[in-house]
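*Asks:* Provided herewith is a single structure, encoded as structure tokens, for subsequent inquiry.
The values are calculated or read from the model by the stated rules, or taken from the named source; none is laboratory data. As the structure is a prediction and not an experimental result, all values here were calculated from the model. Ideal geometry is used to build each Cβ from the backbone, glycine not excepted, and the neighbour counts take in all protein chains shown.
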Amino acid sequence: MFDVLFSHFRSVPCSFLGALTALVSVTCVDAKEPAELETIAEVKVVYALDKKGKKQSGKLRLQMNKGEQVMFLGDPHKKGTFTLTLTKQDGRLQITSLNPLCLPLTFGDPLMFPVGPWKIVTSDFNRDGISEFNLSQPGNSWGSHYMLFTFSDDGKGKVQAVRLDDEPDENYLHPQCSLPSTDVIRATKEGFCFMFTERGNIEDVDVDIHYRWNKKKKCFEEWKRVACTDE
């Protein structure tokens, strides 16, 4: 049943998307001065732990690099290329290009976000002390498609996509929500979960899809689906 539900996301060969991702480098710059870019959304994050395990906090901003304002479903949106700018604890900036990170979701099309300001939702799903956060792109009638992001292990604050099911070409989630960043992806003891409606021949069933952290593979894996009426 689950393969049928998501079959339309698998119409493009993984080999093609993998090759496409490999051709695009993600720009990460450790800068001293902020760029004159429009901020769409922002949030306080934990981007690293020091040698003593103390949290290193900073402000993360989603900024439009280049593009235009368009109308989408009756609301103004920014469409184009975006950067994630982290102001670190020492005042320095770490700037990461967002569009290349989203290739499995966008196939290279421009990104689009509602006009700000709005808040990026964060959590710590794998309990390593470092923030994860989610951003979405328009999806289908079920809702938007969401990607999870976190920060590099080297402590420099570079943003990177969180791996799901060890499948880099399908690195996104399908909760029933249309917000640009959402709290319907909920933290659990093992990782996170979100509600999804399975379309049936007789009736629809609401289920919670649970992911757990695989420390060895460094990815989240789907491991169970629980009918909401059973919890």
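*Asks:* Could you please let me know if residue 207 is at pLDDT below 95, buried (at least 18 other Cβ atoms within 10 Å of the Cβ) and not small (Gly, Ala, Ser)?
*Replies:* It is true that residue 207 is at pLDDT below 95, buried (at least 18 other Cβ atoms within 10 Å of the Cβ) and not small (Gly, Ala, Ser).
*Asks:* Can you tell me which residue within region 197-208, out of those that are in a strand (DSSP E or B) and in contact (Cβ under 8 Å) with a residue 24 or more places away in the chain, is farthest from residue 144 (Cα to Cα)?
*Replies:* This residue is 198.
*Asks:* In region 108-136, what residues are within 19 Å of residue 38 (Cα to Cα) and outside any loop (DSSP other than H, G, I, E, B)? Walk me through how you get there before you give the answer.
*Replies:* So in region 108-136, the residues within 19 Å of residue 38 (Cα to Cα) come out as 110-120, 135-136.
Hits for region 108-136 are 111, 112, 113, 114, 118, 119, 135, 136.
*Asks:* I'd like to check which strands (runs of 3 or more DSSP E) are fully inside region 11-102 and have at least 3 residues that are touching a helix residue (DSSP H, G or I) at 6+ places or on another chain (Cβ under 9 Å), surrounded by 13 or more Cβ atoms within 10 Å (Cβ to Cβ) and at pLDDT 95 or above.
*Replies:* Working: elements: 28-31, 38-49, 55-72, 75-87, 93-97.
Those strands (runs of 3 or more DSSP E) span 75-87.
So that you can scan it fast, the table gives a plain yes or no per residue for (1) surrounded by fewer than 18 Cβ atoms within 10 Å (Cβ to Cβ); (2) within 24 Å of residue 214 (Cβ to Cβ):
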position: 105; (1), (2): no, yes
position: 113; (1), (2): no, no
position: 118; (1), (2): yes, no
position: 123; (1), (2): yes, yes
position: 128; (1), (2): yes, yes
position: 133; (1), (2): no, yes
position: 139; (1), (2): no, no
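*Asks:* Mind listing whichever residues of region 153-162 are among the small types (Gly, Ala, Ser), surrounded by fewer than 22 Cβ atoms within 10 Å (Cβ to Cβ) and either part of a strand (DSSP E or B) or touching a Ser or Thr at 6+ places or on another chain (Cβ under 9 Å) (or both)?
*Replies:* Filtering region 153-162 for residues among the small types (Gly, Ala, Ser) gives 155, 157, 161.
So of that shortlist, the ones also surrounded by fewer than 22 Cβ atoms within 10 Å (Cβ to Cβ) come out as 155, 161.
Passing the criteria: only 161.
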